[in-house]
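Asker: Structure provided below as structure tokens; questions to follow.
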Amino acid sequence: MFEVTDTQKIGAGLAGFGMFFLFLGMLMLFDKSLLALGNILFIAGLAAVIGRERTFRFFFQRHKIRGSIAFFGGIIIVLVGWPLVGMIFEGYGFFLLFSGFFPVAINFLRRVPILGTILNMPGISKLINWLETPSGREFSPKS
């Protein structure tokens with residue numbers, strides 16, 4: 001087993017609060033203050049959990065640069081004062097950055113008792129299978 005340091009515990013808390021404030025900001029009709037706070041806490045928490053150098057390397061890999069530009073550009077757009085447009089850019093960047101983790105997360109969620117049943121429903125299952133297929137999304141949700 002591995003040791004979890006105090007910095008990593010604090011980082012997990014910061015990232016959790018960041019996601020909470022992002023959710024609350026969207027719930028409050030895209031309140032730019034809550035969204036900006038959520039973004040800052042999430043990035044700070046991520047850096048505390050995996051380290052500053054690894055965070056920097058994750059965001060600025062050659063094949064992830066487009067997602068990083070969209071994600072950080074969305075944060076800047078939110079800070080400038082256009083929260084809806086900024087969150088659309090952030091969502092696109094988040095999808096590009098973390099799409100490699102989707103198959104693992106979906107397989108985990110399918111094993112959760114109630115949630116797995118919901119994810120295996122006919123209409124939802126096609127969308128989930130589309131999200132799960134790697135490399136170019138060759139599966140069409142219409143088929």
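The values are calculated or read from the model by the stated rules, or taken from the named source; none is laboratory data. What you see is a predicted model; the values in this text were computed from it and never measured. Cβ: placed from backbone, ideal geometry, glycine included. Neighbour counts: every protein chain shown. Accessible surface is based on the protein model in full, side chains and every heavy atom, while ligands, DNA and RNA are left aside. Shrake-Rupley method; radii C 1.70, N 1.55, O 1.52, S 1.80 Å.
Asker: I'd like to know which of 50, 8, 18 lies farthest towards the positive end of the charge dipole of the chain, counting +1 on Cβ of Lys and Arg and -1 on Cβ of Asp and Glu.
Answerer: So the residue furthest toward the plus end is 50.
Asker: Could you give me the ³J(HN,Hα) list for region 28-35, computed from phi with Karplus coefficients 6.51, -1.76, 1.60 and θ = phi - 60°, whole Hz, x at Gly and Pro?
Answerer: My calculation for region 28-35 gives 8, 6, 6, 6, 5, 5, 5, 5 Hz in order.
Asker: Could you grab the relative contact order for region 54-107? Cα pairs under 8 Å, six or more apart, rounded to a whole percent. Please list the in-between numbers first.
Answerer: Working: 50 pairs, mean separation 18.1, N = 54.
Over region 54-107, the number comes to 34 percent.
Asker: Considering only protein heavy atoms and a 1.4 Å probe, what is the carbon-and-sulfur percentage of the accessible area of the chain?
Answerer: 73 percent
Asker: Each residue of region 3-9 in order: what ³J(HN,Hα) in whole Hz does its phi give by Karplus 6.51 cos²θ - 1.76 cosθ + 1.60, θ = phi - 60°, with x for Gly and Pro?
Answerer: Working through the residues one at a time gives 8, 9, 7, 5, 4, 5, 5 Hz.
Asker: Please check: in the Gaussian network model of the chain (C-alpha springs, under 10 Å), which one of 68, 125, 33 has the largest mean-square fluctuation.
Answerer: 125
Asker: Which value at 222 nm does the chain reach when only helices count, each DSSP H run of 4 or more adding -39,500 (n - 2.57), with the total divided by all residues and rounded to the nearest 500 deg cm²/dmol? Provide the component values of the computation, followed by the final result.
Answerer: Details: 8 runs with 108 residues, N = 143.
Result for the chain, helices only: -24000 deg cm²/dmol.
Asker: With +1 assigned to the C-beta of every Lys and Arg and -1 to the C-beta of every Asp and Glu, and no other charges, what is the dipole magnitude of region 1-121 about the Cα centre in debye, to the nearest 20? Display every interim value, and only then the final one.
Answerer: Details: 10 positive and 5 negative charges, 74 e Å.
For region 1-121, the charge dipole is close to 360 debye.
Asker: Provide the per residue accessible area, probe 1.4 Å, for the chain, rounded to a whole number of square angstrom. Please list the in-between numbers first.
Answerer: On the way: 9720 Å² over 143 residues.
Normalised by residue count, the accessible surface of the chain is 68 Å².
Asker: In percent, how large is the relative contact order of region 1-118, given Cα pairs closer than 8 Å and 6 or more residues apart?
Answerer: It rounds to 20 percent for region 1-118.
Asker: May I pose another question? What's log10 of I(q)/I(0) for the chain at q = 0.11, 0.14 Å⁻¹, Debye sum over Cα points only, no solvent?
Answerer: The calculated log intensity ratios at q = 0.11, 0.14 Å⁻¹ are -0.51, -0.83.
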